[in-house]
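The values are calculated or read from the model by the stated rules, or taken from the named source; none is laboratory data. Owing to the predicted nature of the structure, the values given are computational and were not obtained by experimental measurement. Please note: Cβ atoms are built from the backbone with ideal geometry, for glycine as well, and neighbour counts cover all protein chains shown.
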Amino acid sequence: MRTLLCLFVLAALACAAVADVDVTGKWSGSFHMTGPNGETKETGALFMLKQSGTEISGTVGPNEDEQFPIQKGKIEGDKITLEADHEGHTLKIDLVLAADRITGEAHMSAEGQTLSGKIDVSRAK
């Protein structure tokens, strides 16, 4: 019985810790893109996120003038997955949250080519 009570308390504490995570806000940093022929390019990255429970909405893009709507977004623990529409193509983003920094990768297939890149953003002050 004591073991069951301890497990219940630990589970409640774990849920409370997850509930404290909120990625709502502006995140900015860099996006290092690799094209289909291996060419690389660095651009800015700007995420405008709104979290409600485990669901994430908002926009992503290189800057404030060029933002794409998030179609699907969720957070589970420290893992964030987003799908955004980029001019009729789906941009899939897999991220990890660590304190006030989000890092990960993005992938998009368009016209028979696959583009991928590394994302590194921090909470904007």
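Give me the residue from the range 31-41 that is surrounded by fewer than 14 Cβ atoms within 10 Å (Cβ to Cβ) and either over 15 Å from I119 (Cβ atoms) or modelled with pLDDT of 95 or more (or both) and, out of that set, nearest to the chain's Cα centre (by Cα).
So in the range 31-41, the residues surrounded by fewer than 14 Cβ atoms within 10 Å (Cβ to Cβ) come out as 35-41.
Subset that is either over 15 Å from I119 (Cβ atoms) or modelled with pLDDT of 95 or more (or both): 35-39.
On the way: G35: 21, P36: 23, N37: 26, G38: 24, E39: 24 Å.
The selected residue is G35.
Would you check if there is a residue in the range 86-100 being among the acidic types (D, E) and surrounded by 13 or more Cβ atoms within 10 Å (Cβ to Cβ)? Before the answer, list the steps.
Applying the first criterion (among the acidic types (D, E)) to the range 86-100 yields 87, 94, 100.
With the extra rule that they be surrounded by 13 or more Cβ atoms within 10 Å (Cβ to Cβ), the set shrinks to 94, 100.
Yes, because at least one residue in the range 86-100 is among the acidic types (D, E) and surrounded by 13 or more Cβ atoms within 10 Å (Cβ to Cβ).
Consider the range 72-94. How many of its residues are within 15 Å of G61 (Cα to Cα) and among the aliphatic types (A, V, I, L, M)?
Qualifying residue count for the region: 4.
Any residue in the range 19-40 that is under 21 Å from K92 (Cβ atoms) sitting within a Cβ distance under 9 Å of a residue that is of a type in the set (D, E) and in a loop (DSSP other than H, G, I, E, B)? List the pairs, counting only those 6 or more apart or interchain.
Taking only residues 6 or more apart or on different chains, the pairs are W27/D100; M33/E39.
Please enumerate the residues belonging to the range 106-119 that are surrounded by 15 or more Cβ atoms within 10 Å (Cβ to Cβ) and either within 14 Å of the chain's Cα centre (by Cα) or modelled with pLDDT of 95 or more (or both).
Going through the range 106-119, the residues surrounded by 15 or more Cβ atoms within 10 Å (Cβ to Cβ) turn out to be 106, 108, 115-119.
Those that are surrounded by 15 or more Cβ atoms within 10 Å (Cβ to Cβ) and either within 14 Å of the chain's Cα centre (by Cα) or modelled with pLDDT of 95 or more (or both): A106, G117, K118, I119.
Of the residues in the range 84-95, how many are more than 15 Å from E55 (Cα to Cα) and within 11 Å of the chain's Cα centre (by Cα)?
Within the range 84-95, the subset more than 15 Å from E55 (Cα to Cα) is 85-92.
Still in the running and within 11 Å of the chain's Cα centre (by Cα): 92.
Going through the range 84-95 one residue at a time, the tally reaches 1.
All but one of (1) closer than 24 Å to K125 by Cα; (2) out of contact with any Leu (no Cβ under 9 Å at 6 or more places or on another chain); (3) in a strand (DSSP E or B) hold for T90; which doesn't?
Every listed condition holds for T90 apart from (1).
Restrict the check to the range 65-72 and report whether at least one residue is in a strand (DSSP E or B), touching a residue at least 40 places away in the same chain (Cβ under 8 Å) and of a type outside the set (D, E).
From the range 65-72, those in a strand (DSSP E or B) are 66-72; that's our starting set.
Within this subset, residues satisfying the condition of being touching a residue at least 40 places away in the same chain (Cβ under 8 Å) are none.
Checking the range 65-72: not a single residue is in a strand (DSSP E or B), touching a residue at least 40 places away in the same chain (Cβ under 8 Å) and of a type outside the set (D, E).
Does the range 43-54 include one or more residues that are touching a residue at least 60 places away in the same chain (Cβ under 8 Å) and part of a loop (DSSP other than H, G, I, E, B)?
no
List every residue pair whose Cβ atoms sit under 7 Å apart, with the two residues 6 or more apart in sequence or on different chains, where the first one lies in the range 98-125 and is over 14 Å from T34 (Cβ atoms) and the second, anywhere, is at pLDDT 95 or above and outside any strand (DSSP E or B).
If the second residue must be at pLDDT 95 or above and outside any strand (DSSP E or B), the pairs left are A98/D78.
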